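Structure first, then comments.
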Amino acid sequence: MQDSELNYFKEILESRKAQILKNISGVNDELDQLNSLELNDEGDHAAVNNNSMVESAIVSQQEQELREINVVLGKIAAGDYGVCEMCEDPIGFQRLKVKPHAIYCIDCREIVEKSN
């Protein structure tokens, strides 16, 4: 992969990482505000619990994506970016454009998903 392509993906990944960190911080602030509310009835408690569950699920998904991004940024630094972890073939440029933190090519991704 050319340096210009690596820089392109590195910028995308770092931008996404910053956005995720901002999102997680915002959700955590929102959860803190929800927890500090004085709730008067069961309906209020149910609404807050529902919002908390949804927000926690979003944070969990974004934390997973953040871990994947950090792994891939390490691969960029090590010069291993864009190589499938399973078959060691190059991951297609179009796939990386769609999911820059991909660690598997399309074929291997399908194998991994079926085995899970």
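The values are calculated or read from the model by the stated rules, or taken from the named source; none is laboratory data. Not measured: the values here are computed from a predicted model. Cβ placement follows ideal geometry from the backbone for every residue including glycine, while neighbour counts extend to all protein chains displayed.
Odds and ends about this structure:
- Of all residues in region 65-101 being without any contact (Cβ under 8 Å) to a residue 12 or more places away in the chain and part of a loop (DSSP other than H, G, I, E, B), the one that is nearest to the chain's Cα centre (by Cα): 99
- The test for being surrounded by 15 or more Cβ atoms within 10 Å (Cβ to Cβ), touching a Leu at 6+ places or on another chain (Cβ under 9 Å) and at pLDDT below 90 holds for residue 48.
Rundown of residues vs (1) in the same structural domain as residue 112 (by TED's automatic domain parsing); (2) in contact with a helix residue (DSSP H, G or I) (Cβ under 7 Å, 6 or more places away or on another chain); (3) polar (S, T, N, Q); (4) modelled with pLDDT of 85 or more, yes/no style:
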{"position": "39", "(1), (2), (3), (4)": "no, yes, no, no"}
{"position": "58", "(1), (2), (3), (4)": "no, yes, no, yes"}
{"position": "64", "(1), (2), (3), (4)": "no, no, yes, yes"}
{"position": "95", "(1), (2), (3), (4)": "yes, yes, no, yes"}
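- The numbered conditions (1) modelled with pLDDT of 70 or more; (2) not in a helix (DSSP H, G or I) are all true for residue 12 except (2).
- For region 67-91, a residue qualifies if it is of a type outside the set (D, E, K, R), surrounded by fewer than 16 Cβ atoms within 10 Å (Cβ to Cβ) and in contact with a Gly (Cβ under 9 Å, 6 or more places away or on another chain), and exactly one does: 90.
- The lone criterion from (1) in a helix (DSSP H, G or I); (2) at pLDDT below 75; (3) aliphatic (A, V, I, L, M) left unmet by residue 53 is number (2).
- Any hit, region 25-41, residues being β-branched (Val, Ile, Thr) and surrounded by fewer than 16 Cβ atoms within 10 Å (Cβ to Cβ): no
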